[in-house]
Amino acid sequence: MVATTGDAGAMTIKLHDTRQGRKVPFDPLIEGEVTMYLCGPTVYNYAHIGNARPAVVFDLLARVLRRRYKLKFARNFTDVDDKINAASIQTGKPINEITERFMQIYNEDMGALGVLLPDAEPRATEHIAEMVEMIAALVEKECAYESGGHVLFDVEAYKDYGALSNRSLREMIAGARVEVADYKKNAHDFVLWKPSTPELPGWDSPWGRGRPGWHIECSAMAAKHLGETIDIHAGGQDLIFPHHENELAQSRCAHDGRDFARYWVHNGFLSIDHEKMSKSIGNVLLVHNLVETTPGEVIRMALLSAHYRQPLDWSDDTVESARRMLDRLYGAVRGIEVSNAARAAAQPLDSVVAALEDDLNTPKAMAEFFGLAKKLNKETDENEQHRLAAEMVVTGDLLGLLQNDPEAWFAGHVEGELSAGDIEVLIDKRNAARAAKDFAAADAIRDQLAAAGVQIEDSPDGTTWRRP
Ligand code: AMP
Ligand code: ZN
């Protein structure tokens, strides 16, 4: 039998569109092509596991879309922001040093979770001219006004304000607890441009030296890289209001009413042990730290284990169950060689593709994937084993899972044993201790490894380890 994309190829992709409030068939503006924009991080610190959820979820959506369409996917870096300014003052480090560092760390940390680089990574500071141009157009069209050194978007000028987040401007005004700055006509008017003092980052503009507000960034960068009307706009649920509502309003006004995004997709929130993640509770889990002890694939599997629109609670159990799921998948393909030719000939499992194309139903996709693993476990015919193993591997490629050699995976963590990752971390720590001449600490780590059955050997080329 020739492998084909099968039935899944015939059906349309379905996505839940926040604006319509329901799951709808996906139909891009230009046949065969898709544009997608995801609001990216503000780069002044490490990404936490909640921030990783949209990165992983929309990486998967990008992979699913790429099977059928020529996709252009942009994810921005917000590298001008008051929180960055505050971090610079607090640490005494120049702003661009902070933003460069955290952009790189973000891509490394997300890369460890199997997140592929998007097609464009626009930075706000490299699009100031586009923002100024867009703001000028808004002023010209009387959708924005200058007041007290600021330029503000006039929400009354856009009649559909509130349509995305499903609230009416009148109700908003009635329930307003927004502090009304005296330079605003309406409490909900939002800042497009604000003045900068000499020590703050600033750019020349028709309204004096200043810096952009947050919302205008994404509108200007989306238009520049993807066009005035994009197919998919994505982000976390918390961004629906005001960020996305504001992006939508200003983009439509600037572009003579043309639609901004045809589909809005939003991921649900991640909590930790049933609590909101927050600095004050002290439960903020950084991806940068987590990847030191937990394989990136386990984190990815855990993030994809719940449907993206559902809340996801993160706990030790979430991680352990993701690890076991991967054990099952790796266990099935272990010891079966998958040649490059077999891999090239294989297609991802139809039912997994169908589940993913149905509003990214990852729980269903995983269940189907485990079904395939079970089938392979039971298979006795060698040719069929190779075919199924190849099918598993390419299904893993689509999901961004099963990217390691099974033996390397299992070398990591037989029940109760230190994983390979844990061992590497301990060896690095021991080498750091030795470099610092803290020999007591270095010996303690060697003893800890020995107690776990791991022998290490130092040579001029570095330290190697084995389990005798
Ligand atoms: P921020 O840097 O706060 O703008 O967040 C970057 C992205 O992470 C946005 O898409 C947010 O919606 C998303 N995000 C922040 N916190 C969480 C969370 N706890 N769970 C899921 N997504 C989150
Ligand atoms: Zn945005």
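The values are calculated or read from the model by the stated rules, or taken from the named source; none is laboratory data. Since the model is a prediction, treat every value here as computed from it, not as a measurement. As a convention, Cβ positions derive from the backbone with ideal geometry for all residues, glycine included, and neighbour counts pool all protein chains shown. Heavy atoms of the whole protein, side chains included, go into the accessibility calculation; ligands, DNA and RNA do not. Shrake-Rupley method; radii C 1.70, N 1.55, O 1.52, S 1.80 Å.
Quick notes on this one:
- Cross-chain or 6+ apart pairs with Cβ under 8 Å, segment 5-21 first and closer than 16 Å to residue 365 by Cα, then at pLDDT 95 or above and loosely packed, with under 13 Cβ neighbours inside 10 Å: 13/25; 14/25
- Residues of segment 367-401 that are open to solvent by 10 Å² or more (accessible area, probe 1.4 Å), farther than 16 Å from residue 13 by Cα and in contact (Cβ under 8 Å) with a residue 40 or more places away in the chain: 370, 374, 377, 385, 386, 387, 391, 393, 394, 397.
- Filter result for residue 322 (more than 16 Å from ligand 1 (Cβ to nearest atom), open to solvent by less than 20 Å² (accessible area, probe 1.4 Å) and small (Gly, Ala, Ser)): yes
- Conditions (1) in contact with an Asp or Glu (Cβ under 8 Å, 6 or more places away or on another chain); (2) assigned to a helix (DSSP H, G or I); number of the one not met by residue 325: (1)
- The set of residues from segment 274-316 being in a helix (DSSP H, G or I) and more than 25 Å from residue 372 (Cβ to Cβ) comprises 287, 288, 289, 290, 291, 292, 293, 316.
- Looking across segment 58-73, the residues that are more than 14 Å from ligand 1 (Cβ to nearest atom) and either open to solvent by less than 30 Å² (accessible area, probe 1.4 Å) or outside any helix (DSSP H, G or I) (or both) come down to 60, 62, 64, 65, 67, 68, 69, 70, 71, 72, 73.
- Search result, residues across segment 310-347 that are touching a residue at least 40 places away in the same chain (Cβ under 8 Å), charged (D, E, K, R) and more than 18 Å from residue 408 (Cα to Cα): 313, 343
- Test result for residue 328, more than 16 Å from ligand 1 (Cβ to nearest atom), open to solvent by 30 Å² or more (accessible area, probe 1.4 Å) and not acidic (Asp, Glu): yes
Residue-by-condition table, conditions (1) closer than 18 Å to residue 138 by Cβ; (2) β-branched (Val, Ile, Thr):
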| site | (1), (2) |
| --- | --- |
| 233 | no, no |
| 241 | no, no |
| 257 | yes, no |
| 272 | no, yes |
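- When residue 254 is tested against (1) closer than 30 Å to residue 130 by Cβ; (2) surrounded by fewer than 23 Cβ atoms within 10 Å (Cβ to Cβ), only condition (2) is not met.
- Hits in segment 126-167 - residues which are over 22 Å from residue 264 (Cβ atoms), in a strand (DSSP E or B) and of a type in the set (A, V, I, L, M, F, W, C): 144, 151, 152
- Residue count, segment 18-57 (criterion: more than 13 Å from ligand 1 (Cβ to nearest atom) and either open to solvent by less than 30 Å² (accessible area, probe 1.4 Å) or not in a strand (DSSP E or B) (or both)): 14
- Residue check, residue 263 in a strand (DSSP E or B), hydroxyl-bearing (Ser, Thr, Tyr) and touching a residue at least 40 places away in the same chain (Cβ under 8 Å): yes
- Residue 59 satisfies every condition listed in (1) away from ligand 2 (no atom under 16 Å from the Cβ); (2) under 19 Å from residue 223 (Cβ atoms) except (2).
- Looking only at residues in segment 266-276 that are away from ligand 2 (no atom under 16 Å from the Cβ) and in contact (Cβ under 8 Å) with a residue 24 or more places away in the chain, the one that is surrounded by the most Cβ atoms within 10 Å (Cβ to Cβ) is 270.
- Which listed residue is in contact with a Pro (Cβ under 6 Å, 6 or more places away or on another chain) and within 16 Å of ligand 1 (Cβ to nearest atom), from 268, 213: 268
- For segment 279-300, the criterion of a residue being open to solvent by 80 Å² or more (accessible area, probe 1.4 Å) and hydroxyl-bearing (Ser, Thr, Tyr) is satisfied by at least one position.
- Residue in segment 118-134 that is within 23 Å of residue 402 (Cβ to Cβ), within 16 Å of ligand 1 (Cβ to nearest atom) and either aliphatic (A, V, I, L, M) or at pLDDT 95 or above (or both) present: yes
- Residues in segment 205-257 that are touching a Cys at 6+ places or on another chain (Cβ under 7 Å) and of a type in the set (A, V, I, L, M): 239 alone.
- Only residues that are more than 15 Å from ligand 1 (Cβ to nearest atom) and touching a strand residue (DSSP E or B) at 6+ places or on another chain (Cβ under 8 Å) were counted in segment 222-245, giving 6.
- A residue that is open to solvent by 40 Å² or more (accessible area, probe 1.4 Å) and farther than 16 Å from residue 85 by Cβ can be found somewhere in segment 210-224.
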